[in-house]
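Colleague: This is the structure, below, for whatever I ask next.
The values are calculated or read from the model by the stated rules, or taken from the named source; none is laboratory data. These figures come from a predicted structure and were not determined experimentally. Positions of Cβ are backbone-derived with ideal geometry, glycine not excepted, and every protein chain shown enters the neighbour counts. What goes into the accessible areas is simple: the full protein's heavy atoms, side chains included, and nothing from ligands, DNA or RNA. Shrake-Rupley method; radii C 1.70, N 1.55, O 1.52, S 1.80 Å.
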Amino acid sequence: MFGYRVPAPDEAMLISGGRRGLGGAPFRVVTGHGKFVVPFFRKTRFLSLAMCEAEVTETCVTRQGIALHVRAVIAFKVGNDAESIINAGQRFLSDQDQMSVLTGRIFAGHLRAIIGSMTVEEIVTERQKLAAEVLDTSKTEMAKIGLIVDSLQIQSIDDGDTGYIDAMSAPHKAAIQRQAQIAQAQATQASVEAEQEAARKQAEYARQTAIVKAEYSAQVDRAQAQASQAGPLAQAHAQQEVLDAQTELAQRQAQLRQQQLVAEVVKPAEAEAERVRILAAAEAQRMKIQAEAAASYDRVALDRMLIDQLPQIVKEAAGGLAGANVNVLNGADGLGEIAAGLVSQGLTILDSVRQNLNGQEPADRRPEETKSNGLLQLRSGKDQRSDDGPVDVD
């Protein structure tokens with residue numbers, strides 16, 4: 001449309017020619033949208049907001065007095081706010097290439113100042129610290145001209161022919177070389193060990209292969225030997241089975257014959273012996289019973305005979321007193337005691353005979369008996385008689 005202007009996305013459109021500005025600025029700033037510009041009465045210019053680059057190569061002297069050649073790269077652009085665009089437009093709108101030149105000079109000055117306060121070791125080992133300090137010191141100046149710095153990179157530091165950096169790095173180089181040599185030696189040793197291990201594995205594989213081959217050969221030989229011996233072994237097994245069967249048959253026949261002998265000879269003999277033993281036991285029992293009966297009968301008969309003969313025994317004993325000289329001291333009582341003694345002697349004789357018949361020892365009987373109130377002394381007419389006088393009975 002006639003008179004309508006639109007800036008690019010990375011540009012700021014500056015409209016001049018009117019009395020109205022922005023904060024006393026000689027032009028109006030338009031970004032991101034279009035604006036109707038009255039022809040002949042307004043004039044438009046465009047300021048780039050794109051990223052720019054400035055390279056700095058400077059010789060700086062450190063705190064130690066050692067000259068260093070430093071190369072750095074700065075990435076910068078015009079700020080997006082209206083104030084930065086106005087400041088940059090007033091300075092660089094006619095010649096925008098001057099932004100890179102001026103930025104390089106500004107950073108070169110700050111770089112010399114900061115490196116002069118540091119040692120070589122600090123500069124080499126702390127490049128990020130160096131870049132951060134340069135950015136902090138230049139931020140204010142860059143803001144005054146409407147520029148902002150996105151990054152600062154120290155690309156190289158060189159001491160020329162002095163060799164200070166090389167000398168400083170020598171111990172590290174030596175350590176690195178030593179580590180490299182150690183690593184190489186370890187690698188060589190590992191390679192040798194790997195080769196030796198491979199050789200051992202090959203030898204072990206060859207040994208196992210030989211063993212397996214030998215085992216296979218032995219198995220083949222055993223199989224062939226077994227095959228060649230199969231016929232004789234089968235015949236021997238058959239003969240052994242025949243012998244075993246014959247042996248078993250003979251054992252069974254012997255067991256059968258033994259059983260027949262037991263049935264025909266041993267069993268009848270045992271039965272006959274048992275019959276004879278039973279008959280003998282029965283006969284012995286019968287004889288024992290008969291003997292006991294006979295003995296019992298004899299005792300009864302003897303007892304009866306003795307009882308029948310007892311009066312005669314007493315009589316004979318009393319007759320023996322006829323020729324004896326007997327003095328009765330206590331009258332009628334003494335005669336009674338004499339008669340009682342005769343009867344007692346007869347019973348004693350009867351008891352002794354019974355004990356002899358029963359197999360017992362006869363009880364001792366003394367020829368003298370003492371009764372309650374008198375003493376009876378008996379003597380026969382032949383053995384008890386003396387010249388001194390008759391027997392006294394007290």
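Colleague: Can you work out the accessible area per residue across region 31-70, with the rest of the protein chains kept in place, probe 1.4 Å, in square angstrom?
Modeller: Ligands and nucleic acids excluded, the result is 63 Å² per residue.
Colleague: Using the Karplus equation 6.51 cos²θ - 1.76 cosθ + 1.60 (θ = phi - 60°), what ³J(HN,Hα) coupling, rounded to whole Hz, does each residue of region 229-243 give in order, writing x for Gly and Pro?
Modeller: Once rounded to whole Hz, the list reads 8, 4, x, x, 5, 5, 5, 5, 4, 5, 5, 4, 5, 5, 4.
Colleague: To continue, here is another question. Could you sort the peptides 174-186, 40-52 by per-residue average Cβ neighbour count (10 Å cutoff), highest mean leading?
Modeller: Result, highest mean Cβ count within 10 Å first: 40-52, 174-186.
Colleague: Given a cut-off of 26 Å, name the pairs among 267/288; 77/129; 35/139; 43/139 whose C-alpha atoms lie farther apart than that in the structure shown. Walk me through the intermediate numbers first.
Modeller: Details: 267/288 31 Å; 77/129 23 Å; 35/139 33 Å; 43/139 33 Å.
Violating the 26 Å limit, Cα to Cα: 267/288; 35/139; 43/139.
Colleague: Between residue 279 and residue 38, what is 0.36 nm times their sequence separation minus the Cα-Cα distance? Round to one decimal in nm.
Modeller: Between residue 279 and residue 38, full extension yields an extra 69.6 nm.
Colleague: Under the rule of at least 5 residues apart or a separate chain, name every residue whose amide H is placed under 5 Å from the amide H of residue 37.
Modeller: 4, 5
Colleague: List, in order, the whole-Hz ³J(HN,Hα) value for each residue of region 196-201 obtained from phi through the Karplus relation with A = 6.51, B = -1.76, C = 1.60 and θ = phi - 60°; use x for Gly and Pro.
Modeller: 5, 4, 5, 5, 4, 4
Colleague: Please compute the length gained on full extension between residue 5 and residue 225, using 0.36 nm multiplied by the number of residues separating them and subtracting their Cα-Cα distance.
Modeller: In short, 68.0 nm is gained.
Colleague: Here is a further query. Can you give the Rg/Rh ratio of region 44-165, where Rg is from the C-alpha atoms and Rh is the Kirkwood radius?
Modeller: 1.05
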